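Inspection log for the structure reproduced underneath, given as structure tokens.
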Amino acid sequence: MTTSSRRRSKFLVVVDSTPECKVALRFATQRARNVGGGVTLLHVIEPADSQQWQAVEELMRQEAREEAERLMQELAGQVQLESGIIPELVIRDGRKKDELLKLISEDPSIRILVLGAAPGAEGPGPLVTALAGQMSGSFSIPITLVPGALSAEQIDELV
């Protein structure tokens, strides 16, 4: 396969509004810039637990989508400012783990999943716990866990 026929490798970051997400995003952005890759941001809107109040649930889903779009635009601006890369934005409805696995199987140019691990006694977060543990063998790509307490300078030294 020639260089021109190869797909551009992408770093996938599952995003939310947590501080560790921004650390993972910076790591992925800097790595992508350094290797000539791309960045894909995934935000999953999870279903409400109760199906009892459909009208209220629909309003909540609409508000969650608007918030997700605002967050994605903010983070995309950060990626472009820091690296010049225009990231791919993906918003999905469903269970986070399921949608993550689906996206990875649908897009063969995604080569690395980058997640931020929350610092503190509460643990790294539910997604990191599930993916690094019981589900780690079901992935066809490497998972990079970035400690959420790293500073921008520390990240820049690593990449």
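We did not get these values from a lab; they are worked out from the coordinates using the rules stated. As the structure is a prediction and not an experimental result, all values here were calculated from the model. Don't worry about glycine lacking a Cβ; one is built from the backbone with ideal geometry, like all the others, and counts go over all protein chains shown.
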*Excluding residue 95 itself, what net charge comes from residues whose Cβ is under 11 Å from its Cβ, given Lys and Arg +1 and Asp and Glu -1?*
0
*Along the Cα-to-Cβ line of residue 152, 7 Å from the Cα, sits a label point; which residues in segment 11-26 have backbone N less than 14 Å from it?*
22-26
*What are the principal axis extents of the Cα atoms in segment 12-86, in Å, biggest first?*
49, 19, 17
*Estimate the FRET efficiency between residue 107 and residue 33 by the formula 1/(1 + (r/R0)^6), using the beta-carbon distance for r and 22 Å for R0, to the nearest 0.05.*
0.65
_Using a Gaussian network model on the chain with a 10 Å cutoff between Cα atoms, which of 87, 124, 142 fluctuates the most?_
142
*Using amide H atoms built 1.01 Å from N in the peptide plane, name the residues 5+ places from residue 12, or on other chains, whose amide H lies under 5 Å from its own.*
40, 111, 112, 113, 114
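For the chain, compute Rg over Rh where Rg is the Cα radius of gyration and Rh is the Kirkwood radius from the inverse mean 1/r over Cα pairs.
0.98
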_Run the reach check for residue 10 against aspartates and glutamates, Cα to Cα strictly under 15 Å, same-chain hits fewer than 8 apart removed. What comes back?_
88, 106, 107
*Across segment 58-71, in residue order, what do the Karplus-derived ³J(HN,Hα) couplings come to in whole Hz, using 6.51 cos²θ - 1.76 cosθ + 1.60 with θ = phi - 60° and x for Gly and Pro?*
5, 5, 5, 5, 5, 5, 5, 5, 4, 5, 4, 5, 5, 4
*Find me the longest stretch of the chain that has none of the exposed trypsin sites (Lys or Arg not before Pro), where exposed means in a DSSP loop (not H, G, I, E or B) with at most 13 other Cβ atoms within 10 Å.*
9-94
